[in-house]
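Here is the structure we will look at.
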Amino acid sequence: MKRHLHKYYKKFKKLFNFNNEYARMLYYQSFYYKSFYYQSPRHKKHTIDTYLKLHQECTNSNFITTDLKIAFSDDLPFGSSIRQAKKIIGTPNFKSEDEDINLEILYYRLLIGSHKVKCQLFFYENELFLYSYTFSHIKNMNNNEVLETIKAKYLNENQKYSKEIIKDNYNNCLHFEDEVALTLSYTSLSSKFYNKILENDIEIQKMKNEERNKNSKTLFKRI
């Protein structure tokens, strides 16, 4: 991989006549952006069941309460619009839409501390109800730094934390998962999206059937 990049980097540097440091940064950054989101995260399919499971775990599991309001930032709380997100974070590396349920997802690559993180923001009817950070390069045995940071930010010194759900006083939730990759999911349990999919079993089944039909049509076209 590095050898392959280096060959094209030389051509890139010669073509634009940049100094070594700047050319390397610009080229590798552009290559990484293109390959990062167009090859991996969007292939992870989010289904209605995915959201229902997250809601169920945040609602029914043991949890710890925090006095700190859970939000992406003070300027980007739950309920914010896509326009607000782009204004604060910038243009996403990729975006996807599910018109059947008025859902839009923005994908970002962020550098948090020393970690390269995949960030996804989920909007229902143009309102942020869920966002997540995936630390692909952190293995299960190296979660201590993240665990300690979560504890220091959201809990007091007397509280112990070992991957439980954390809830604030506004019905927002932080969900910790490290089965495959370390993923922190933050969601508003009071959002219109959850109210919609939890309205009644008929509506949920209808949305599931629509999704299955959509997948069946895609399968029919491709094979």
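Looking at the stretch 58-71, which of its residues are surrounded by fewer than 19 Cβ atoms within 10 Å (Cβ to Cβ) and either of a type in the set (A, V, I, L, M, F, W, C) or more than 15 Å from S188 (Cβ to Cβ) (or both)?
Start the filter on the stretch 58-71 by keeping residues that are surrounded by fewer than 19 Cβ atoms within 10 Å (Cβ to Cβ), which leaves 59-65, 67-69.
Listed by number, the residues that qualify are N60, S61, N62, F63, I64, T65, D67, L68.
Report yes if E210 is in contact with a Gly (Cβ under 7 Å, 6 or more places away or on another chain), among the charged types (D, E, K, R), touching a residue at least 40 places away in the same chain (Cβ under 8 Å) and closer than 27 Å to D98 by Cβ, otherwise no.
Working: in contact with a Gly (Cβ under 7 Å, 6 or more places away or on another chain): no; among the charged types (D, E, K, R): yes; touching a residue at least 40 places away in the same chain (Cβ under 8 Å): yes; closer than 27 Å to D98 by Cβ: yes.
In short, no.
If you take the residues of the stretch 93-112 that are aliphatic (A, V, I, L, M) and either in contact with a Ser or Thr (Cβ under 6 Å, 6 or more places away or on another chain) or over 15 Å from T47 (Cβ atoms) (or both), which of them is surrounded by the most Cβ atoms within 10 Å (Cβ to Cβ)?
Applying the first criterion (aliphatic (A, V, I, L, M)) to the stretch 93-112 yields 101, 103, 105-106, 110-112.
Add one more test, that the residue is either in contact with a Ser or Thr (Cβ under 6 Å, 6 or more places away or on another chain) or over 15 Å from T47 (Cβ atoms) (or both), and what stays is 105-106, 110-112.
Working: I105: 19, L106: 21, L110: 13, L111: 8, I112: 12.
Looking at the filtered set, the residue picked out is L106.
Yes or no: S80 open to solvent by 20 Å² or more (accessible area, probe 1.4 Å), more than 30 Å from E157 (Cα to Cα) and hydroxyl-bearing (S, T, Y)? Walk me through how you get there before you give the answer.
Values: open to solvent by 20 Å² or more (accessible area, probe 1.4 Å): no; more than 30 Å from E157 (Cα to Cα): yes; hydroxyl-bearing (S, T, Y): yes.
No, not satisfied.
In this structure, is E99 among the acidic types (D, E), touching a Lys or Arg at 6+ places or on another chain (Cβ under 8 Å), free of Cβ contacts under 8 Å to residues at least 24 places away in the same chain and within 27 Å of N195 (Cα to Cα)?
Working: among the acidic types (D, E): yes; touching a Lys or Arg at 6+ places or on another chain (Cβ under 8 Å): no; free of Cβ contacts under 8 Å to residues at least 24 places away in the same chain: yes; within 27 Å of N195 (Cα to Cα): yes.
So E99 does not fit the description; no.
Would you mind stating whether T50 is of a type in the set (S, T, N, Q) and assigned to a helix (DSSP H, G or I)?
Working: of a type in the set (S, T, N, Q): yes; assigned to a helix (DSSP H, G or I): yes.
Yes: the conditions hold for T50.
Kindly list the number of the only condition in (1) modelled with pLDDT of 80 or more; (2) under 21 Å from Y124 (Cβ atoms); (3) exposed (fewer than 12 other Cβ atoms within 10 Å of the Cβ) that fails for K44.
The number of the failed condition is (1).
The values are calculated or read from the model by the stated rules, or taken from the named source; none is laboratory data. The structure presented is a predicted model; accordingly, all values stated were derived computationally and were not measured. All Cβ positions, glycine included, derive from the backbone under ideal geometry; neighbour counts span all protein chains shown. The area values use the complete protein model at the heavy-atom level, side chains included, leaving out ligands, DNA and RNA. Shrake-Rupley method; radii C 1.70, N 1.55, O 1.52, S 1.80 Å.
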